[in-house]
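Chemist: Let me give you the structure first, and then I'll get to my questions.
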Amino acid sequence: MEDNSIQPFQGIAEDVIQHLRFLQTIGVTHLGGASASPRPAPTETVSPVVTETGPAAPNQVQPAPETVAPAPIILQSHEVPSTMPQVSLFDAELPAEPVKPDHSLEDIRLDIGDCQRCKLAPTRTHLVFGDGNPNARLVFVGEAPGADEDASGIPFVGKAGQLLNKIIEAIGMKRDDVFICNVVKCRPPENRTPERDEIAACNGFLHRQLAVIRPKIIVALGAPSAFTLLGDNKIGSITRIRGQFFDYRGTPLMPTFHPAYLLRSPDKKREVWEDMKKVRDFLKQND
Ligand code: URA
């Protein structure tokens, strides 16, 4: 006779195994005692979009993090939406749609040309337009190219990029399946966070790229990406909004931590795995 009482535990066990596999894939070799004790109430780093947010560059001097208790944000749904996300948190002031619709990513690249629209242009080696499948179902949006990306012209090829590759593989996809781009297309000096005027000069191209690709879901890596796409800079912390679906112009958007942040705070990989499972499940349900 079949014993149904163990069925719920099988599900939990499978989940634990998947979780451990993910941690192994992204390089966690040791699960310290901290995870066994009750987790403290989360505190967060205050990180407005244009100044001190985001995935600080490896060589960037970090200001001492200011910690505050997170104000609760009441969202309607924390579940994977079966079709559209129900949450639109922000009164977003999004840039206008392009006057003339683009037919392809090449149209946008041509329009960008040898861009001199902001003060990042003189110090860049390569403009980093974006890379991957132009028909991707999943698009990752990072913050800005770093040194390796500036040198190669390809996004996420440095250490953070290698971790991103592992994250992509952990959800059963390949880098070639997805499209990867950034909020700004040129490297900020010293890998500092892009400034408001630089984002303003560049983000129209990002919105146009997303309009052409029409992914099923977008993952915003880090605060500058999430806040640029969602049109708000007052939320203050990626910690508060990660792991929940938002509405980006009719497409679900999942904010999560930037891989560069994970390199500095590997204990946060657990949260990213939770977020990425929701993305994976959403894609499965919307095949
Ligand atoms: N960090 C980013 O945000 N983008 C890259 O392309 C590389 C590192």
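Chemist: Tell me, which residue of the range 173-195 that is in contact with a strand residue (DSSP E or B) (Cβ under 8 Å, 6 or more places away or on another chain) and within 14 Å of the ligand (Cβ to nearest atom) is farthest from Lys277 (Cα to Cα)?
Modeler: Only one residue fits best here, namely Val183.
Chemist: Which count do you get for residues in the range 136-150 that are surrounded by 24 or more Cβ atoms within 10 Å (Cβ to Cβ) and more than 7 Å from the ligand (Cβ to nearest atom)?
Modeler: 4
Chemist: With a cut-off of at least 2 residues that are surrounded by 23 or more Cβ atoms within 10 Å (Cβ to Cβ) and within 15 Å of the ligand (Cβ to nearest atom), name the strands (runs of 3 or more DSSP E) lying wholly within the range 217-271.
Modeler: 217-221, 251-256
Chemist: Quickly run through the range 151-193 and pick out the residues that are hydroxyl-bearing (Ser, Thr, Tyr) and surrounded by fewer than 24 Cβ atoms within 10 Å (Cβ to Cβ).
Modeler: Ser152 - this is the single residue of the range 151-193 that is hydroxyl-bearing (Ser, Thr, Tyr) and surrounded by fewer than 24 Cβ atoms within 10 Å (Cβ to Cβ).
Chemist: Within the range 159-172, is there a residue that is within 11 Å of the ligand (Cβ to nearest atom) and among the small types (Gly, Ala, Ser)?
Modeler: There is at least one residue in the range 159-172 that is within 11 Å of the ligand (Cβ to nearest atom) and among the small types (Gly, Ala, Ser).
We did not get these values from a lab; they are worked out from the coordinates using the rules stated. Please read all numbers here as calculations on a predicted model, not as lab measurements. No Cβ is skipped: glycine too gets one built from the backbone with ideal geometry, and neighbour counts run over all protein chains shown.
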